[in-house]
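Undergrad: My questions will all concern the structure given below.
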Amino acid sequence: MVFAPDTETSLTDVAALVNSADPEQLVDVAALDEFCAKQRWTGSRTHDEAELAAVRRLRPQLRRLWDTDEDGAVQIVNELLRRARALPQLVRHDEWDYHLHATSPEAPLATRMAVEAAMAFVDVIRSGALDRLFVCAAPDCSNVGIDLSRNRSKRFCDAGCGNRMAVAAYRARRSGR
Ligand SMILES: [Zn+2]
Ligand SMILES: [Zn+2]
């Protein structure tokens, strides 16, 4: 394990949220419900267009974390925490042991998503591990990811690009190209 378990879960969640933008997966409120169920987002929900719009608006802000340097990332993280008036508290709920929450379960979904992302990046930045962020190496894919492997060997996103590229390379070899 590279980071604390809740940080690793959060980082995977952030990448999934960012990658839901292109192609657009959060096409309507029902799609957001499905996304939240899959990512196990609990807490208060409004299930309306405003909530969906707020989540969609958050994605490009989080995407910038992959495109900036350390000082830039610090600025984004601090801004997200400040805007949400984040207050870190250790909590234990459902099947999860003690981990950090910095918003209340009643806070809007997009706020909770923003703060969870920010708190995870606090860990990454403090560990000097921003170089674990990557953009998928497949030429036709712009998904982002975070390499949580010990030997830092991950180059492709979780959407199956690694397999896809391996198959393409194999076919190219077979056809003598
Ligand atoms: Zn929790
Ligand atoms: Zn990819």
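Undergrad: State in Å² the accessible area per residue of the stretch 33-75; use a 1.4 Å probe, count heavy atoms of protein chains only, and round to the nearest integer.
TA: 62
Undergrad: Another question about this same structure. Cβ neighbours within 10 Å, averaged per peptide: list 139-148, 12-21, 40-49, 97-106 in order, most packed at the top.
TA: Ranked from most to least packed, the peptides come out as 12-21, 139-148, 97-106, 40-49.
Undergrad: Which helices of the chain meet both criteria: a Cα extent of 24 Å or more along the helical axis and a mean Kyte-Doolittle score no lower than -1.0, with helices taken as whole DSSP H segments?
TA: Long hydrophobic helices here: 109-126.
Undergrad: Give me log10 I(q)/I(0) at q = 0.15 Å⁻¹ for the chain, Debye formula, one equal scatterer per alpha-carbon, no solvent.
TA: Cα-only, vacuum Debye calculation for the chain: -0.89.
Undergrad: With the full set of protein chains in place, find how many percent of the accessible area of the stretch 1-101 is carbon and sulfur; take the probe as 1.4 Å.
TA: In the stretch 1-101, the share of accessible area belonging to carbon and sulfur is 51 percent.
Undergrad: Which distance in Å, rounded to a whole number, links the C-alpha centroids of the stretch 80-131 and the stretch 3-53?
TA: 15
Undergrad: How many nm separate the modelled label positions at D69 and A169, each set 7 Å beyond the Cα in the direction of the Cβ?
TA: Modelled inter-label distance: 3.2 nm.
Undergrad: Using the Cα atoms as the points, what is the convex hull volume per residue of the stretch 45-119 in Å³?
TA: Convex hull volume per residue, Cα atoms: 101 Å³.
Undergrad: Do any cysteines of the chain lack a neighbour Cys whose Cβ is under 4.7 Å away, and which are they?
TA: C36, C161
Undergrad: Working out 0.36 nm times the residue gap between A4 and D33, then minus their Cα-Cα distance, what length gain in nm do you get to one decimal?
TA: 7.7 nm
Undergrad: Separate question: Can you give me the distance in nm between label points at R40 and I125, each placed 7 Å from the Cα along the Cα-to-Cβ direction?
TA: 2.7
Undergrad: Identify the trypsin sites (Lys or Arg not before Pro) of the stretch 67-167 meeting these criteria: DSSP loop state and at most 16 other C-beta atoms within 10 Å of the C-beta.
TA: Counting only loop positions with at most 16 other Cβ atoms within 10 Å, the trypsin sites (Lys or Arg not before Pro) in the stretch 67-167 are R85, R150, R152, R155.
Undergrad: Name the residue, out of F156, F35, F121, whose mean-square fluctuation peaks in a Gaussian network model built on the chain with Cα pairs under 10 Å.
TA: The residue with the greatest mean-square fluctuation here is F35.
Undergrad: Which FRET efficiency, nearest 0.05, do W96 and R152 yield, Cβ-Cβ r, R0 41 Å?
TA: 0.90
The values are calculated or read from the model by the stated rules, or taken from the named source; none is laboratory data. Remember, predicted model here, so these are calculated numbers, not experimental data. Because the Cβ atoms are built from the backbone with ideal geometry, glycine has one as well, and the counts that use them run over all protein chains shown. Accessible surface areas use protein heavy atoms only, side chains included; no ligands, DNA or RNA. Shrake-Rupley method; radii C 1.70, N 1.55, O 1.52, S 1.80 Å.
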